[in-house]
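Encoded as structure tokens, the structure appears first; notes follow it.
The values are calculated or read from the model by the stated rules, or taken from the named source; none is laboratory data. Fair warning: this is a prediction, and the values are worked out from it, not measured in the lab. Every residue, glycine as well, gets a Cβ built from its backbone with ideal geometry; the counts of neighbours run over all protein chains shown. In case anyone asks, the SASA skips ligands and DNA or RNA and just uses the protein heavy atoms, side chains included. Shrake-Rupley method; radii C 1.70, N 1.55, O 1.52, S 1.80 Å.
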Amino acid sequence: MPIAETLIANGLITAEQIEHALAERRSPTERIDQVLVRKNLVSERDVLKVLSEQLAIPLVDLSEGDIDRELLGLVPSRLVHKYGLMPVDRNGRGIRVATSDPYNMYALDDVQTVIDLPVEPVLATRGQINLLIKAFYGVGGDVIHEMVQETNGVEVIDEAPVDSTDLDVQMAQEASVIKLVNEILMEALNERSSDIHFEPFEYDFRVRYRTDGMLHNANVPPEIRRFQNAVISRIKILSGLNIAEKRLPQDGGFKIKAQGREIDLRVSIIPMTFGEGAVLRILDKTAIKLTLEELGMQPDTYKRFDEAIRRPHGIILVTGPTGSGKTTTLYAALNTIVNETLKILTVEDPVEYHFEGINQVQVNSRIGLTFAQGLRSFLRHDPDVILVGEIRDLETAQVAINASLTGHLVFSTLHTNDSVSATTRLLDMGVEPFLVSSSLEAVVAQRLVRTNCKYCTKEYVPDNPEALPPDFEYTKGDVLKRGTGCRDCRETGFSGRRALFELLLMDNEVREMIVARQSATQMLPVAVDHGMRLLRDDGWILARQGLTTIEEVARVTKA
């Protein structure tokens, strides 16, 4: 029975969908099942189930643990990439090879001819096979081994032409190097990474992705070391940087279109001992949470913070280390209050995301446009709300405080470990205590913790409760949750991140302590008595809810 009839008989598609698929064929040779999968009318696995029954070929669900690693050197990588095959294991006579296209017998014959052993096919989805190829042969392995010239899923927007006789530049313009860089970008997007690190060493050129705050090696073939200079030159070309300058740090950026959306990349190039290193920060607007509700604040914290950001004047600070989500929280706050009655201005370094209804300015120290200078100019621009990317020095702090005292609501960030330390940090900068006391309205400290993978999280009872942090206050028999590790989370047990929040609201007693120049240690118990929940305690709530682990909260917070 033809596969289309079988799919209809099994209730997976309708006759109308078959007619639609026939009209959508790219060529007369494209099979109907391929069209149905491409148009998302039926899942690839459902099609493979039917083919498995019709052709008597086993359908398997593969993971890295199923692969016989000794076979990887037996089947040439060029055939793996060319046909989308994956050697699985030995079957006594020869080997088993996974394919998503059982009708491509030429591919199996080609493998059998090269290895001179019988080849038995098994069926697996194209997605599973591609993941395994990347895991065992490396990202961009087909490019590095074959240097083929094919198109792929990344399109660079507004790439400027480059005219140079430099050999590295000429190689960077080769289709093969372009494809290699694009595949690394695509893999980072698929991994939900925030940064890509290109790191030169004496005998290695390492590519690493930062995912959920943790760096891990990209699985690229070691031969990439040969194309190190070409890869860096390609990144420079995309970023509009000086290709010939290899002695000084450079900053730039570019924009790509991938997976149906535009994504900005911020680039930093630094000369190192064995070549130039590059870090690409991925700024994906669709990945950030734009409302306070989505940030994951506990209900009481959300209610108090929402009230604070709607005040007519004062300073709202968000504190925490680099990469703790401060900018996301500020954007969510602005996005919550933005409306046609408010004039909102921001001065940032750099402007990471663009928002409708908010006027954004990027600092440029080379021409004298600093945070402080931008703030001064803003005050003549009749704003209601001002966002300063960061309070770095006394001058910026003084202008921000003056703005708040003259009837403006000011948002900014500060690098401190907790919320109460923000007050002493401003005093250490040289701001008068009475100015801090009268202008500051709220301080939010935050950290990001990795959340348990939704696919492999399981309940457990701790074997040794005595080893748990004493402030967790574990009750014997309580059930907790943690990820055990699976393919979707790269065996880490975690997928995604969520913020912990510590909200300090100013009241009369806290203001008096600021005027008296009391330390953060003295202020902390008073703030807790007045309703402030510590970062660590906020994390324990998430751990009890099964959203993260005790160990993860302990990693990012101090006792």
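Some notes on this structure:
- Counted charge near MET429, where neighbours are those whose Cβ lies closer than 12 Å (Asp, Glu -1; Lys, Arg +1): -2
- Heavy-atom accessible area ranking, 1.4 Å probe, most first, across SER194, SER365: SER365, SER194
- Computed with a 1.4 Å probe over protein heavy atoms only, the accessible area of LYS39 comes to about 80 Å².
- Its residues counted as N, the stretch 254-349 yields a C-alpha radius of gyration over 2.2 N^0.38 Å of 1.39.
- Computed over the stretch 380-493: relative contact order in percent, which uses C-alpha pairs under 8 Å that are six or more apart: 19
- Amide hydrogen proximity for VAL122: with H placed 1.01 Å from N in the peptide plane, the residues at 5 or more positions away or on another chain lying under 5 Å are VAL97, ALA98, THR99.
- Distance between the 7 Å Cα→Cβ label points at GLU16 and ASN242: 6.4 nm.
- Lys/Arg +1, Asp/Glu -1 at C-beta; the chain dipole; positive extreme among LEU117, ILE13, PHE494: PHE494
- Multiplying the residue separation of PHE434 and LYS454 by 0.36 nm and removing their Cα-Cα distance gives an extension gain of 2.3 nm.
- Once backbone amide H atoms are built at 1.01 Å from N, GLY485 has GLY493 as its partners under 5 Å, excluding neighbours fewer than 5 places away on the same chain.
- Label-zone membership for the stretch 537-559, site LYS481, 7 angstrom Cα→C-beta point, backbone N under 17 Å: 539-553
- Residue-wise HN-Hα couplings along the stretch 456-463, as the Karplus relation 6.51 cos²θ - 1.76 cosθ + 1.60 with θ = phi - 60° gives them from phi, are 10, 5, 9, 6, 7, 10, x, 6 Hz; Gly and Pro carry x.
- Percentage relative contact order, the chain, counting C-alpha pairs under 8 Å, at least six apart: 9
- Only DSSP H runs of four or more residues enter the estimate; each adds -39500 (n - 2.57), and after division by the residues of the chain the mean residue ellipticity at 222 nm equals -10500 deg cm²/dmol.
- Accessible surface, the chain, averaged per residue in Å² (probe 1.4 Å): 48
- Set LYS326/LYS476; LYS82/LYS179; LYS134/LYS454; LYS39/LYS257; LYS39/LYS458 screened for pairs whose C-alpha atoms are more than 25 Å apart: LYS326/LYS476; LYS39/LYS458
- Computed from point charges on the beta carbon alone (+1 for Lys and Arg, -1 for Asp and Glu), the dipole magnitude for the stretch 41-97 about its Cα centre is near 300 Debye.
- The H on the amide N of THR413, modeled in the peptide plane, is under 5 Å from the matching H of VAL318, GLU390, ILE391, each at least 5 residues off or on a different chain.
- Options ILE232, ILE263, LEU248, ranked by Cα towards positive dipole end of the stretch 231-289, top entry (Cβ charges): ILE263
- Extension gain (nm, one decimal) between ASP116 and THR341, 0.36 nm per residue minus Cα-Cα: 73.4 nm
- Carbon + sulfur, % of accessible area of the chain - ligands and nucleic acids excluded, 1.4 Å: 48
- Each of LYS82 and HIS216 was given a label point 7 Å from its Cα along the Cα-to-Cβ line. The distance between the two points is 3.2 nm.
- Rounded to the nearest 20 debye, dipole of the chain from Cβ charges on Lys, Arg, Asp, Glu: 420
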